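*Asks:* Submitted below is the structure of interest, expressed as structure tokens.
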């Protein structure tokens with residue numbers, strides 16, 4: 001991947017615990033290396049506890065602010081990492097649901113991996129889309145109106161809105177490449 005996305009504004013949102021470590025840190029770090037300005041917002045402006053495979057505690061990450069304080073006009077793309085607990089907390093957090101609704105209505109791309117698409121179910125933005133996810137979410141995504149496929153990364157364009165989804169940590173390289181490919185260099 002050689003794309004440069006200098007100045008593109010990427011927002012990553014998480015809860016404050018149960019976040020799958022690599023699904024937060026690898027996209028964040030790789031997109032920064034490519035020139036994106038990456039901001040991390042959490043439910044609370046407190047440390048975010050990451051895990052590996054939902055069970056093994058990993059590092060604590062400091063967010064840049066809260067989801068409630070995000071202006072939907074700011075990001076060029078939203079990333080929603082997985083982690084079962086993370087996704088379960090995000091899906092019931094009204095500011096996260098409102099943010100996803102506002103971004104999808106504005107045509108701002110959203111990328112969600114693993115359990116991250118659970119938030120999209122509760123934001124009610126999935127009808128007519130094609131997605132992938134961790135396999136246990138299949139029924140929820142289909143019940144929310146999406147078509148589910150078992151592929152490393154799925155790019156779906158619905159009207160003017162782009163959605164990128166991936167299944168698991170092993171798909172992160174494809175996930176990040178799809179995000180970078182969708183992000184043009186930001187033009188101020």
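*Asks:* Enumerate the pairs (first residue in segment 69-86 and without any contact (Cβ under 8 Å) to a residue 60 or more places away in the chain; second residue anywhere and in a helix (DSSP H, G or I) and crowded, with 18+ Cβ neighbours inside 10 Å) with beta-carbon separation below 7 Å, excluding pairs fewer than 6 apart on the same chain, so at least 6 apart or on different chains.
*Replies:* 70/99; 72/99; 72/103
*Asks:* Look through 137, 103, 90 and report the one residue that is more than 22 Å from residue 48 (Cα to Cα) and in contact with a helix residue (DSSP H, G or I) (Cβ under 8 Å, 6 or more places away or on another chain). Break it down stepwise before answering.
*Replies:* Values: 103 fails: in contact with a helix residue (DSSP H, G or I) (Cβ under 8 Å, 6 or more places away or on another chain); 90 fails: more than 22 Å from residue 48 (Cα to Cα).
Among 137, 103, 90, only 137 is more than 22 Å from residue 48 (Cα to Cα) and in contact with a helix residue (DSSP H, G or I) (Cβ under 8 Å, 6 or more places away or on another chain).
*Asks:* Would you list the strands (runs of 3 or more DSSP E) that sit entirely within segment 1-95 and hold 2 or more residues that are surrounded by fewer than 19 Cβ atoms within 10 Å (Cβ to Cβ)?
*Replies:* So the answer is 37-42, 56-61.
*Asks:* Here is a further query. Say whether the condition of being in a strand (DSSP E or B), touching a strand residue (DSSP E or B) at 6+ places or on another chain (Cβ under 8 Å) and touching a residue at least 12 places away in the same chain (Cβ under 8 Å) is met by at least one residue in segment 97-110. So that I can check it myself, show each step before the final result.
*Replies:* Step one: filter segment 97-110 for residues in a strand (DSSP E or B), giving 110.
From what is left, the residues that are touching a strand residue (DSSP E or B) at 6+ places or on another chain (Cβ under 8 Å) are 110.
In the following step, the residues that additionally are touching a residue at least 12 places away in the same chain (Cβ under 8 Å) were identified as 110.
Yes, segment 97-110 contains a residue that is in a strand (DSSP E or B), touching a strand residue (DSSP E or B) at 6+ places or on another chain (Cβ under 8 Å) and touching a residue at least 12 places away in the same chain (Cβ under 8 Å).
*Asks:* Give the residue, chosen from 61, 26, that is out of contact with any strand residue (DSSP E or B) (no Cβ under 9 Å at 6 or more places or on another chain) and touching a residue at least 24 places away in the same chain (Cβ under 8 Å).
*Replies:* After applying the criteria, what remains is 26.
*Asks:* Right, next: Of all residues in segment 153-173, how many are crowded, with 16+ Cβ neighbours inside 10 Å and over 20 Å from residue 125 (Cα atoms)?
*Replies:* The number of residues fulfilling the criteria is 4.
*Asks:* Among the residues of segment 35-48, is any touching a strand residue (DSSP E or B) at 6+ places or on another chain (Cβ under 6 Å) and closer than 18 Å to residue 123 by Cα?
*Replies:* Yes: segment 35-48 contains one or more residues that are touching a strand residue (DSSP E or B) at 6+ places or on another chain (Cβ under 6 Å) and closer than 18 Å to residue 123 by Cα.
Read-outs: derived from the displayed coordinates by stated rules, not from any lab. No experiment lies behind these values; they were computed from the predicted model shown. No Cβ is skipped: glycine too gets one built from the backbone with ideal geometry, and neighbour counts run over all protein chains shown.
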